[in-house]
Amino acid sequence: MIAILTGIVLLAADLLTKHRISSSFEPGQSIPVMENVFHITYARNTGAAFSILENRLGFLIGFTLLACIFLVGLAWWIRRDRAGFLGTVLAVSGALGNLHDRIRFGYVRDFLDFRVFPIFNVADICVVTGMLLVALRIVMLDRAEGKKSEQS
């Protein structure tokens with residue numbers, strides 16, 4: 001239950017921060033928080049990560065919907081594994097935040113700019129963190145299964 005509430009809070013944080021930025025900034029406008037290190041820069045991304053698949057809105061929406069369905073199924077299947085379940089919830093909440101933007105605006109609103117990395121948002125952090133957590137759990141469970149097999 002806490003994982004689901006966390007996902008809802010993070011989805012709300014994503015949508016609220018994007019709204020705040022898009023209502024306060026013009027596209028391309030940037031304000032340094034730490035000069036040449038971290039800026040708040042409003043960007044409209046019509047693609048996926050690193051702007052790949054730019055202007056492929058229908059594909060990105062369809063892919064995100066399928067990914068969410070898969071992740072919800074995975075979450076149900078591993079619901080007793082807290083870390084894995086949390087990872088899937090984080091990934092779904094991030095995917096839904098960016099899906100909202102794609103459906104409503106035709107682009108994703110990004111604003112976190114570390115200057116050495118593409119501009120991103122809270123939803124992106126959720127997706128990456130969630131998928132890393134799921135991958136870590138898979139590796140850990142696979143290793144534990146391997147040790148069990150060796151002992152048998």
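What follows draws every value from the coordinates through simple rules; no lab data is involved. Fair warning: this is a prediction, and the values are worked out from it, not measured in the lab. Quick reminder, even Gly has a Cβ in these numbers, built from the backbone with ideal geometry, and neighbours come from all protein chains shown.
Where in segment 78-112 does the label zone of Q29 land, with the point 7 angstrom along Cα→C-beta and an amide N cut-off under 17 Å?
109-112
Which value does Rg/Rh take for the chain over its C-alpha atoms, Rh per Kirkwood?
Looking at the chain, the ratio lands at 1.06.
With runs of 4+ DSSP H residues as the only contributors, calculate the mean residue ellipticity of the chain at 222 nm using -39,500 (n - 2.57) per run, divided by the residue total and rounded to the nearest 500.
Using -39500 (n - 2.57) per qualifying helix, the result is -23000 deg cm²/dmol.
In whole Å, what are the extents of segment 1-62 along the principal axes defined by its C-alpha atoms, from largest to smallest?
Cα extents, longest axis first: 40, 30, 22 Å.
Quick one: if the Förster radius is 35 Å, what FRET efficiency do S22 and R143 give, using the C-beta to C-beta distance and rounding to 0.05?
Given R0 = 35 Å and the Cβ-Cβ separation, E is 0.20.
If you bin every alpha carbon distance in segment 66-152 into 10 Å steps from zero, what whole percent lands in each bin?
Over segment 66-152, the share of Cα pairs per 10 Å bin runs 17, 38, 27, 13, 5, 1 percent.
Rank by packing, highest mean first: peptides 118-130, 58-70, with packing defined as the count of other Cβ atoms within 10 Å averaged across residues.
118-130, 58-70
Between V116 and N55, what length in nm is gained on full extension when 0.36 nm per residue of separation is reduced by their alpha carbon distance?
Between V116 and N55, full extension yields 19.6 nm more.
How high is the FRET efficiency between T46 and R82 when r is their beta carbon distance and R₀ equals 25 Å, given to the nearest 0.05?
E(calc), rounded to 0.05, equals 0.10.
Could you order the peptides 75-83, 96-104, 4-12 from most to least packed, using the average number of other C-beta atoms within 10 Å per residue?
Most protected by this proxy first, the peptides run 96-104, 4-12, 75-83.
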